[in-house]
Amino acid sequence: MLTREARDAPSNADLLTQLQSLEGEVARASERVRDLARPPSASRADPLLTPAPQESRVAQNLERVRALEAGPAAAFGGAEAASVPAAAAALAAAAAALPRKGLSPRFCDASSLDSPAASSRLAHFWHPVQFLSKLRDGEELWAFGCRWTLRAAPDAPLGWRVLDERARPLPVRVVDGMLAVWPGEQPPPAGEAGGVQAPGRLSPPPGYAVHAEIVVEDVPVEHGLLLENLLDLAHAPFTHTGTFAKGWSVPAAVHFGAAQQHGWAGLGSWLAAASGGGSRGSWNPYPIDMAFEPPCCAVSHIGLAQAGAAGSGASFVPGSRAADCPKHLHQLHVCIPSRPGRTRLLYRMALDFASWAQLVPGMHLVWSEMAAQVLGEDLRLVEGQQARLGAGSRVWAHPVAYDACALAYRRFRNAAALPYDAQAEEEGAGREAEQDGVLSQ
């Protein structure tokens with residue numbers, strides 16, 4: 001008769017079943033380890049571990065690049081290594097023989113890195129060079145390849161003069177809270193020098209309080225490339241992950257809806273219209289309205305769904321517009337060509353909420369640090385573009401639909417690089433004024 005302990009003990013059949021189950025689990029675990037150890041291209045398909053097609057292609061390309069750096073034999077094997085140089089040469093010759101589509105290299109080449117000439121159209125604009133709140137007697141700054149000096153002058157209409165390297169005074173006026181200079185060889189339109197322009201498109205809307213006015217004396221990139229970057233927000237979820245785009249998801253598609261513009265507003269409007277439009281509009285899915293304002297300004301109006309989100313990631317509902325958000329951030333970037341491949345940057349930030357922050361001691365240091373972080377993130381891209389441009393590469397090859405604003409600026413920039421002809425500009429203004437009269441009837 002069996003004892004109670006013998007009756008409760010598992011049978012041999014039960015032990016064999018458990019052993020087979022454990023062997024199966026060990027086999028599956030070993031197969032998983034082998035899959036993880038294999039290169040991505042050789043791994044078994046696992047619905048939980050298989051990356052997206054784009055990620056797989058990137059991983060495969062990186063593996064091939066590393067192999068090529070180690071030598072042709074490591075990438076293609078010893079039998080194929082001898083034919084790699086000949087194959088590469090044949091491929092390069094075939095690629096050179098094919099016509100390259102897209103924009104011509106002349107559309108944006110290394111010559112754009114030079115300082116604009118005083119005879120160019122670009123020099124015949126009012127260029128803001130300093131905020132009125134930061135004017136300092138004796139300050140020296142670089143603009144248009146020359147060193148300028150700010151001088152307090154009680155006898156001058158505005159109380160300030162800007163002297164060039166030969167101590168000659170340049171025409172000045174006040175534009176939207178900034179001292180602006182006319183660096184062109186030809187004089188400005190009659191009656192503009194020494195005056196104060198009424199608040200225009202560069203000023204924050206009514207009800208906004210200016211929280212920061214920051215000047216970066218020397219940004220190590222060309223002003224046109226920096227402006228193009230500021231006008232293109234498609235890179236925000238990838239680049240500004242530590243500042244205002246923190247927490248933004250990568251959208252399936254990005255769209256820039258250009259607004260229609262009518263009317264004559266000077267040479268800038270005429271050149272912008274000639275460039276094909278697109279210099280003002282709204283981003284989708286981001287709640288951001290953006291505009292290029294000639295000659296060198298980017299204005300953005302950002303809707304914030306969460307107060308205080310400007311510094312820790314602007315939360316928003318995808319597809320919403322800036323006007324739909326309860327809080328807003330207004331930004332102005334002024335990019336002035338200083339020296340070849342360098343920029344003088346003015347930045348102004350205004351909010352329609354948190355007015356109490358203006359009373360917090362040292363708050364300007366917080367804004368300055370935040371602006372420096374955003375600029376540092378942008379420079380990672382722009383410095384690379386400038387290096388490629390200097391090496392002869394095409395930074396504008398195949399623009400897409402959401403490049404409308406930056407593309408409109410680049411066309412304006414190319415047109416503004418031409419020599420200035422006062423008579424032709426006046427005739428163009430007259431034709432535009434006549435057209436406005438016809439449209440208004």
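What FRET efficiency, computed as 1/(1 + (r/R0)^6) with R0 = 45 Å and r the Cβ-Cβ distance, is obtained for Ser111 and Asp155, rounded to the nearest 0.05?
On the way: r = 42 Å, r/R0 = 0.92.
The value I calculate is 0.60.
Near the amide H of Thr343, under 5 Å away, which other amide H atoms are found, from residues 5 or more places off or on another chain, if H is placed in the peptide plane?
Placed amide hydrogens put Val219, Val221, Ser338 under 5 Å from Thr343.
Could you run the Karplus curve 6.51 cos²θ - 1.76 cosθ + 1.60 with θ = phi - 60° over the stretch 199-214 and give me ³J(HN,Hα) per residue in whole Hz, x for Gly and Pro?
Couplings: x, x, 6, 7, 7, x, x, x, x, 9, 10, 6, 9, 7, 10, 10 Hz.
Could you compute the FRET efficiency for Met363 and Arg201, with r as their C-beta to C-beta distance and R0 at 35 Å, rounded to 0.05?
That gives a FRET efficiency of 0.85.
Go through the stretch 328-339 residue by residue and turn each phi into a ³J(HN,Hα) via Karplus (6.51, -1.76, 1.60, θ = phi - 60°); whole Hz please, and just put x for glycine and proline.
9, 10, 10, 10, 10, 10, 10, 10, 9, x, 9, 10
If you plug each phi of the stretch 128-145 into the Karplus form 6.51 cos²θ - 1.76 cosθ + 1.60 with θ = phi - 60°, what whole-Hz ³J(HN,Hα) values come out, in order, with x for Gly and Pro?
x, 10, 7, 6, 4, 6, 10, 4, 9, 4, x, 5, 10, 8, 9, 7, 6, x
Every number here is computed from the coordinates shown, using simple stated rules; none is lab data. Source: prediction; values computed, not measured. Glycine also receives a Cβ, built like all others from the backbone with ideal geometry; neighbour counts cover every protein chain displayed.
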